[in-house]
Structure formats: structure tokens, C-alpha cells
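The values are calculated or read from the model by the stated rules, or taken from the named source; none is laboratory data. In this text the structure is predicted, and so the values were computed from the model without any measurement. Don't worry about glycine lacking a Cβ; one is built from the backbone with ideal geometry, like all the others, and counts go over all protein chains shown.
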Ligand code: SAH
């Protein structure tokens, strides 16, 4: 390792609710000298850092998506020259559509020590919060994590030949290509009645879930003005959610934990 550099922690911030941070993440955030964070990191999480910690925004709003990753890599390395404890804070789990691979590669190439700290990915946080699972022996035996857009901003090819049968499809970054995604899934033989849920602002106070089917979800999403960040869940597990929701509404709760 190059002794001129500090150590970089690539830390998962979870889906939004600060209580879903790992203890390890909190410990590292409290000793961070500088934190480079992106769009999906809640401000309540940043407030856990010490007052003197330098907070640097490196999210999408800074500019063009494609050239941005190289700039971020450079910025992290610059910070590691100045500080001993550098945190690169990413939404959810850094290893799920978080481009952590590019960052690790760029750091190791320069001889900079780094460590990935896992976070709760949005899918796990979102469904737990809503009280349903991603797999269930009677509804879905497999989970597929998919991205709604491919490299260089192109739409993903992943949906062109994909059966939803017996699976839970979890689509990250899928809202902008919702129309293409449902068209592709229907064109390759999936029924228009396959249930779909969209979860907006998962685990935050503003969380909202809307449900529909492959046949109507795009119209429902427009009508309800669903905004990013949002996660799509496609498959029969959404039926299970509806069944549990009906049962839940029958239960009288005398007290709650919170
Ligand atoms: N590493 C992240 C995913 C990054 S990709 C993770 O593990 O969760 C960014 C996408 O994640 C968003 O476009 C959206 O689809 C999803 N996402 C992140 N935070 C979200 C939230 N609070 N609510 C709903 N979707 C979210």
C-alpha cells in the first residue's frame, strides 16, 4: 500500500432510514474526516458525522453521468492524500448497482487501502418495512436484481426474454423506462395480469407504495405522479403483500413499539 494515502471506506448508507445503518457504518462515519456522498443519502445520516467532518457532494446533479465516475474516482484519491479516514458513502448496499467495483479498482491501482462496508439494499429495506418478503415457497423461489438502464444511459436489454413465473423481479433505476420494461415483459409472453408494485422513497417517512399489473402500472404511475427514487417489484409476491395487507387491516393493535 502507498504510505502517502489514508484509508478509504466504501460504506453502504442503507435505503434511507438511519436506523437501518449497520453499527459498523455508524462507527466509521463517526471517525470520518471527510465523507463523499451521493444523491440517495439521507441528510439525517450525514448529521451523524462530527461537526468538523468535511462533507462533499459527488452526486448526479454535478453533471454528465458518463464522465462523472472518473471524476469521483479522482476526488476520492485526492481526499485520501489529505486525510487518514475517508468515507465514500453510497445509498443502499455499495455492492448493488453502486459502481463500487470501479472505485475499488481505481483505489487499488493507486495503492490506496480500501474496505467495503455492506449496507441494507433498498429491496430488503423496502419489503421489510411494508411487511412482506422477497421470496416465499408458494409465490416466488427466486429473486432477480435488475437495473432499468444499462451502461451509457441506454435502456436495459434484460427484460426482452424474461419470464416472471415463480420469480420476484426487483428493478432498480426502472422508473424512467417503466413503459419499455412492461412492454418487453408482455411481448415475451408474460401475462398482463402479473402484479407489480412501485415503492417510492422506501423506508423514509414519505414512503409510498402503489400497485397494479404489467397491463396498467404505467398509467397508474403517471396518474399517481410517482417520482424517483423508486423501486419496482414484479411478480406474484405482490399478491402475497395484498393478502397480508387485508389480514393486517383486520388486526386491532392495542399498542405499538414506536
Ligand atoms: N446501491 C443501492 C442502489 C443504487 S441504484 C441499493 O443497494 O439500494 C439507485 C436506485 O436504487 C434508484 O434509482 C432506485 O431504484 C433505488 N433506490 C435507492 N434508494 C431508494 C429508496 N429510498 N426508495 C426507492 N428506491 C430507491
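All conditions but one from (1) within 15 Å of the ligand (Cβ to nearest atom); (2) out of contact with any strand residue (DSSP E or B) (no Cβ under 8 Å at 6 or more places or on another chain); (3) in contact (Cβ under 8 Å) with a residue 12 or more places away in the chain apply to residue 189; the one that does not is (1).
Answer yes or no as to whether residue 169 is touching a residue at least 60 places away in the same chain (Cβ under 8 Å), more than 12 Å from the ligand (Cβ to nearest atom) and under 16 Å from the mean Cα position of the chain (by Cα).
Numbers: touching a residue at least 60 places away in the same chain (Cβ under 8 Å): yes; more than 12 Å from the ligand (Cβ to nearest atom): yes; under 16 Å from the mean Cα position of the chain (by Cα): yes.
So residue 169 fits the description; yes.
Could you run through the stretch 183-208 and say how many residues are closer than 17 Å to residue 122 by Cβ and either buried (at least 20 other Cβ atoms within 10 Å of the Cβ) or under 15 Å from the mean Cα position of the chain (by Cα) (or both)?
In the first step, residues of the stretch 183-208 are kept if they are closer than 17 Å to residue 122 by Cβ; the result is 196-208.
Add one more test, that the residue is either buried (at least 20 other Cβ atoms within 10 Å of the Cβ) or under 15 Å from the mean Cα position of the chain (by Cα) (or both), and what stays is 196-204, 207.
Result for the stretch 183-208: 10.
Each residue in the stretch 156-181 was checked for being outside any helix (DSSP H, G or I) and surrounded by 15 or more Cβ atoms within 10 Å (Cβ to Cβ), and 15 of them qualify.
Is it true that some residue in the stretch 74-94 is modelled with pLDDT under 95, in contact with a helix residue (DSSP H, G or I) (Cβ under 7 Å, 6 or more places away or on another chain) and farther than 28 Å from residue 149 by Cβ? No - not one qualifying residue is present in the stretch 74-94.
Looking only at the stretch 145-155, count every residue that is at pLDDT 80 or above and not in a loop (DSSP other than H, G, I, E, B) and tell me the total.
Of the stretch 145-155, the ones at pLDDT 80 or above are 145-149.
The next check asks that each one be not in a loop (DSSP other than H, G, I, E, B); those that pass are 145-147, 149.
The number of residues fulfilling the criteria is 4.
Only one entry in 125, 111, 98 is assigned to a loop (DSSP other than H, G, I, E, B), within 13 Å of the ligand (Cβ to nearest atom) and either at negative phi or over 15 Å from the mean Cα position of the chain (by Cα) (or both), namely 98.
Checked against (1) more than 11 Å from residue 8 (Cβ to Cβ); (2) within 16 Å of the ligand (Cβ to nearest atom), residue 52 passes all but a single condition, namely (2). Applying the criterion of being assigned to a loop (DSSP other than H, G, I, E, B) and either under 19 Å from the mean Cα position of the chain (by Cα) or touching a residue at least 24 places away in the same chain (Cβ under 8 Å) (or both) to the residues of the stretch 217-231, the residue that is farthest from residue 96 (Cα to Cα) is 226. Given the conditions (1) away from the ligand (no atom under 16 Å from the Cβ); (2) in a strand (DSSP E or B), report the number of the one that residue 209 does not fulfil. With respect to (1) away from the ligand (no atom under 16 Å from the Cβ); (2) in a strand (DSSP E or B), residue 209 is out only on (1).
For the stretch 132-152, indicate whether the set of residues that are closer than 20 Å to residue 219 by Cα, touching a strand residue (DSSP E or B) at 6+ places or on another chain (Cβ under 7 Å) and in contact (Cβ under 8 Å) with a residue 60 or more places away in the chain is non-empty. Yes, there is a match, as at least one residue in the stretch 132-152 is closer than 20 Å to residue 219 by Cα, touching a strand residue (DSSP E or B) at 6+ places or on another chain (Cβ under 7 Å) and in contact (Cβ under 8 Å) with a residue 60 or more places away in the chain.
Only one of 120, 116 is within 13 Å of the ligand (Cβ to nearest atom), assigned to a loop (DSSP other than H, G, I, E, B) and in contact (Cβ under 8 Å) with a residue 24 or more places away in the chain. Can you tell me which? Before you say what the answer is, go through the steps one by one.
Numbers: 116 fails: assigned to a loop (DSSP other than H, G, I, E, B).
Result of the check over 120, 116: 120.
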